[in-house]
1. Could you check the stretch 21-80 and list, in sequence order, the residues that are among the small types (Gly, Ala, Ser) and either on the phi > 0 side of the Ramachandran plot or part of a loop (DSSP other than H, G, I, E, B) (or both)?
2. Return the pairs, sorted by first residue and then second, in which the second residue is in a helix (DSSP H, G or I), the first residue lies in the stretch 25-38 and is under 16 Å from Ala11 (Cβ atoms), the beta carbons are less than 7 Å apart, and the residues are 6+ apart or on different chains.
3. Mind checking whether some residue in the stretch 75-88 is hydroxyl-bearing (Ser, Thr, Tyr) and modelled with pLDDT under 80?
4. Where the second residue is of a type in the set (Ser, Thr, Tyr) and in a loop (DSSP other than H, G, I, E, B) and the first is open to solvent by less than 50 Å² (accessible area, probe 1.4 Å) and lies in the stretch 45-65, which pairs have Cβ atoms under 9 Å and are six or more apart or on separate chains?
5. With the requirement that a residue be part of a helix (DSSP H, G or I) and either exposed (fewer than 10 other Cβ atoms within 10 Å of the Cβ) or modelled with pLDDT of 85 or more (or both), what does the stretch 1-15 give you?
Amino acid sequence: MHGPRPAAGEAATACVCAAAEGLSLRAYLARLADTFLTPAERAERAEQARAVLNASNGCAPTPAEPDDLDAELDRRLTQGMAFPCSGAVGCAV
């Protein structure tokens with residue numbers, strides 16, 4: 001259930017972080033907002049990454065391929081098997 005408690009907890013965390021850095025909450029949130037990319041900036045970076053991949057190894061996914069991969073990841077996450085253990089170090093089999 002989502003109510004005022006989680007929001008209050010997040011606000012308290014932001015206040016503590018701001019105080020720890022010697023900033024007002026307003027200054028802390030303004031600085032935090034500056035670190036987020038706009039949707040246009042994210043799209044531009046994604047296009048640049050696709051261009052680099054294509055130039056370096058010929059990787060040129062169709063528009064449907066990322067959607068298919070997202071759907072597969074969603075399916076695995078739903079099943080709780082996103083990253084099945086294969087006996088790697090520190091992994092209990």
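1. Looking only at the stretch 21-80, we keep the residues that are among the small types (Gly, Ala, Ser), and these are 22, 24, 27, 30, 33, 40, 43, 46, 49, 51, 55-56, 58, 60, 64, 71, 80.
The answer is Gly22, Ser24, Gly58, Ala60, Gly80.
2. From residues that are under 16 Å from Ala11 (Cβ atoms), the pairs are Leu25/Ala14; Leu25/Cys15; Leu25/Ala18; Tyr28/Ala14; Tyr28/Cys17; Tyr28/Ala18; Leu29/Ala14.
3. Initially, the stretch 75-88 is screened for residues hydroxyl-bearing (Ser, Thr, Tyr), giving 78, 86.
If we keep only those that are modelled with pLDDT under 80 too, we end up with 86.
Yes.
4. Here the result reads none, with nothing in the stretch 45-65 linked to a residue that is of a type in the set (Ser, Thr, Tyr) and in a loop (DSSP other than H, G, I, E, B).
5. Of all residues in the stretch 1-15, those part of a helix (DSSP H, G or I) come to 4-15.
Selection gives Pro4, Arg5.
The values are calculated or read from the model by the stated rules, or taken from the named source; none is laboratory data. Owing to the predicted nature of the structure, the values given are computational and were not obtained by experimental measurement. Ideal geometry is used to build each Cβ from the backbone, glycine not excepted, and the neighbour counts take in all protein chains shown. Heads up: the accessible areas ignore ligands, DNA and RNA and are worked out on the full protein's heavy atoms, side chains in. Shrake-Rupley method; radii C 1.70, N 1.55, O 1.52, S 1.80 Å.
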